[in-house]
Amino acid sequence: MILSVIGLGLIGGSIALDLKKRGFVSKVIGVDNNTLNAHAAKKLGLVDELMNLDSAVKASDLVVLAIPVDACLTLLPQVMDLVDQQIVTDLGSTKEQLIDSLINHPKRKQFVPAHPMAGTEFSGPQAAHSGLFDGKCSIICNPEDSDKKAVNIVTEMFHALKMRCVYMDAEVHDRQTAYVSHLSHISAFALSLTVLHKEKKDKHIFELASGGFDSTVRLAKSSAEMWTPIFKQNKKHVGKVLQKYIDTLQQFKDLIEEDDLDGMNDLIYEANDIRRVLDQKERNEQETIENSDKIRNRA
């Protein structure tokens, strides 16, 4: 199978690297309108060959769009106009608008909307690495609207990346990612801004920062070019989730001002239950990796 990856940053580069390394594809063609990124990806061995968009789509069996969601909204219909029998998938963090953009396209069934729930705060082909997706979850949206063979191949692609797949309605996906992904980035951006504003007057404040602060603001290093379009496309859900978060912050503020220690304890104990959720998530990820390894060993 020949794969074309459009967008050779962290996500696209990591997918290209592991799908070739693990034998799911025989060749990887790279497409990127940033010449420096394209040549870096070739030099790093993430792709075998660089082509323009038209040539890459025509030469491929599977096309993966790994570009910011605003660019995908523009480029995906152009890609679908080029396909013959090729299967196309995307990796974006929002789905409703993207799916709507193809609602009447004659090749709609050859498109499988997807979102691998993995990443880091870094960007560019230099950030790509093997194992980024191991054990993680990938969402496939509205599978009933895609050709069954196309869904099966994209599912197999994620299994080759040692991911487990969950099938979900696009509206549900966008709402849930607003909670577990988009809100965490906004929180990191907001905390970073708050401390940076303080740092202008108190130059030594960052000397007091330790591991807890570092881990909390890590996501604030994420790319604006990626996240601003996500917030725009998912503003319906992000706005509602953000208001709930603000309400919870206000709860803590009120309890602190009122010296309500019991109330604060109750909220913190309730929040501690996240440990149970994260422990289960870690077990699921390890199980996914082990199952993938068993399947590969049998093969």
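Just a few scattered comments:
- Matching residues, region 102-124, being at pLDDT below 95 and within 22 Å of Asp32 (Cβ to Cβ): Ala118, Gly119, Thr120, Glu121, Phe122, Ser123, Gly124
Residues checked against (1) crowded, with 21+ Cβ neighbours inside 10 Å; (2) hydroxyl-bearing (Ser, Thr, Tyr):
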{"site": "Lys95", "(1), (2)": "yes, no"}
{"site": "Asn104", "(1), (2)": "no, no"}
{"site": "Phe111", "(1), (2)": "yes, no"}
{"site": "His129", "(1), (2)": "no, no"}
{"site": "Ser146", "(1), (2)": "yes, yes"}
{"site": "Val166", "(1), (2)": "no, no"}
{"site": "Tyr179", "(1), (2)": "no, yes"}
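- When the residues of region 45-63 are filtered to those that are under 13 Å from Ala128 (Cα atoms) and either surrounded by 15 or more Cβ atoms within 10 Å (Cβ to Cβ) or not assigned by TED's automatic domain parsing to the domain that holds Ala150 (or both), the one that is farthest from the chain's Cα centre (by Cα) is Val47.
- Taking region 121-208 as the region of interest, the helices (runs of 4 or more DSSP H) fully inside it that hold 3 or more residues being closer than 21 Å to Gln280 by Cα are 170-177.
- The sole residue among Ile230, Ile186 that is under 21 Å from the mean Cα position of the chain (by Cα), of a type in the set (A, V, I, L, M) and within 30 Å of Ile2 (Cα to Cα) is Ile230.
- Test: residue in region 267-287 that is in contact (Cβ under 8 Å) with a residue 40 or more places away in the chain, polar (S, T, N, Q) and outside the structural domain of Lys136 (by TED's automatic domain parsing): yes
- Cross-chain or 6+ apart pairs with Cβ under 8 Å, region 81-102 first and without any contact (Cβ under 8 Å) to a residue 12 or more places away in the chain and assigned to a helix (DSSP H, G or I), then surrounded by 21 or more Cβ atoms within 10 Å (Cβ to Cβ) and hydrophobic (A, V, I, L, M, F, W, C): none
The values are calculated or read from the model by the stated rules, or taken from the named source; none is laboratory data. Keep in mind it's a predicted model, so treat the numbers as computed, not measured. Every residue, glycine as well, gets a Cβ built from its backbone with ideal geometry; the counts of neighbours run over all protein chains shown.
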